[in-house]
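Worksheet: the structure to be examined is printed underneath.
The values are calculated or read from the model by the stated rules, or taken from the named source; none is laboratory data. Quick caveat: nothing in here was measured; it's all calculated off a predicted structure. When we count neighbours, we look across all protein chains shown, and the Cβ atoms used for this are built from the backbone with ideal geometry, even at glycine.
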Amino acid sequence: MFDDTPLVMVEDDEALAKLVATLSEAPVIGVDTESDSMYSYQEKVCLLQFSDSERDYIVDPLKIKDMSPLGAVMSNPDIVKIFHGADYDVVCMNRDYGFKVVNLFDTMVAAQFLAFSRLGLADLIERNFGHHIEKKFQRHDWSRRPLLPEHLDYARGDTHWLLAIRELMLWKLTAANRMAHLEEECAILEKRVWRERKRDPNSYLRVKGTRDLNDTAKRVLFRLYEWRDGVAKAANRPPYKVVPDPVLVELARKQPESRDALERMFSRKTAMKRRYGAALVEAVLAGLEDDFEVPTSVPSKKKNNEPQDLPPARIWGGLLDRTATALKDWRNGLIRKDPSLTSVTIVSNGQLKSIAATRPTTLEELGALPDVRNWQVRDHGEAIIAVLDEVAPPISEDEDGAPVFQARGEGRRRRRRR
């Protein structure tokens, strides 16, 4: 599978120093990581994989005292670092080691700009080399030791082909005139850093099935959810492995107020009931005593991304809906005419919504939106402004000379009249 390519295991500080010296001389390297997100409350990087033109390397950070020497390789602008789906890896390495990646090439982003229908690394390997990658270790607990030969083969496979894939993609991206697009997207990925997400006290409302619960049951669910989170954090286990979400919802719905009621509810003998039975009943009783006001809306699940400060909305209501629809129709029309285009290579639905709401009137205003790329302004900016001018032209100016597109409340009044 890997021909005669040697595999080098890096499991101590001395071996890491040798690897750093070797990679520092390489013009291009493949990079990947494996973490234990499905098996820990706070995930961590459990493996780092590298490939150069001669060897594959697997670094075991669980055995190495000091990972910091690798930071110089990751930030070296003279070394191209090839990832597939770099976002997650970049953030994880920044969180655990403080690494900053410079000169990044993402093969998944490249595949998007080449309008590939299948974007996974295994798909790219099979497409270009005819080799089928076994996916059974995608959900493996990478914190477990020892690492077996099949684990090592899977891990090195994530970087072994990256150098060759990049060479093929460079030619295709240049032919499609999309190298500048890729470079801009990769430069944005390089800026990704770990931002600790503040815990939302209302996140329990996102549990599937909560919508059908009454307020009393939701208060019970809140207590159960908070208890489970504390247990999971103390044990460093994912919350769903302490008590699954469907069980929490069922407990909130039936509200067993004693161990006998809990026994009747779950007749089978389970470790969960034996281990946590008393605590579950206690959480239910605490929830029944609560009387806090339950939020009426489900909180959105925000990604751990750079904060984006959009300008205030200029249009709303019916005009906003019509504008967003017109922009989407324009984009979809381009895709129908040219199969090499996709929403990713033109403008995404999320970007269309922010463009419609903020209603830029010039290319400068369009380019100033935090989620709009320079290549999008170059390729499609004039067409976007033309659509906006047709569907949502200004009707007046305010006292500062800024354009006004509709009277505030217009959309709401129209909906009431229907």
Out of all the residues in region 165-183, is one or more in a loop (DSSP other than H, G, I, E, B), of a type in the set (Gly, Ala, Ser) and in contact (Cβ under 8 Å) with a residue 12 or more places away in the chain?
yes
Output yes when any residue across region 100-111 is of a type in the set (Asp, Glu), surrounded by 16 or more Cβ atoms within 10 Å (Cβ to Cβ), on the phi < 0 side of the Ramachandran plot and in the same structural domain as residue 15 (by TED's automatic domain parsing), and no when none is.
yes
Do we have any residue at all in region 65-76 that's in the same structural domain as residue 35 (by TED's automatic domain parsing), touching a helix residue (DSSP H, G or I) at 6+ places or on another chain (Cβ under 7 Å), of a type in the set (D, E, K, R) and buried (at least 17 other Cβ atoms within 10 Å of the Cβ)?
no
Can you spot a residue in region 134-142 that is modelled with pLDDT of 95 or more, buried (at least 17 other Cβ atoms within 10 Å of the Cβ) and assigned by TED's automatic domain parsing to the domain that holds residue 59?
yes
If you go through region 301-310 one residue at a time, do you hit one that is surrounded by 16 or more Cβ atoms within 10 Å (Cβ to Cβ) and either modelled with pLDDT of 95 or more or closer than 30 Å to residue 119 by Cα (or both)?
no
So which residues in region 238-281 are closer than 30 Å to residue 43 by Cβ and out of contact with any helix residue (DSSP H, G or I) (no Cβ under 8 Å at 6 or more places or on another chain)?
240, 244, 245, 246, 270, 271, 274, 275
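Go through region 143-164 and report how many residues are in a helix (DSSP H, G or I), farther than 26 Å from residue 237 by Cα and in contact with a strand residue (DSSP E or B) (Cβ under 9 Å, 6 or more places away or on another chain).
So the first thing to find is which residues in region 143-164 are in a helix (DSSP H, G or I), and the list is 149-160, 162-164.
Among the residues that remain, those that are also farther than 26 Å from residue 237 by Cα are: 149, 153, 156-160, 162-164.
Now narrow it down to the ones that are in contact with a strand residue (DSSP E or B) (Cβ under 9 Å, 6 or more places away or on another chain): 153, 156-160, 162-163.
Qualifying residue count, region 143-164: 8.
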So which residues in region 21-54 are assigned to a helix (DSSP H, G or I) and surrounded by fewer than 16 Cβ atoms within 10 Å (Cβ to Cβ), if there are any at all?
21
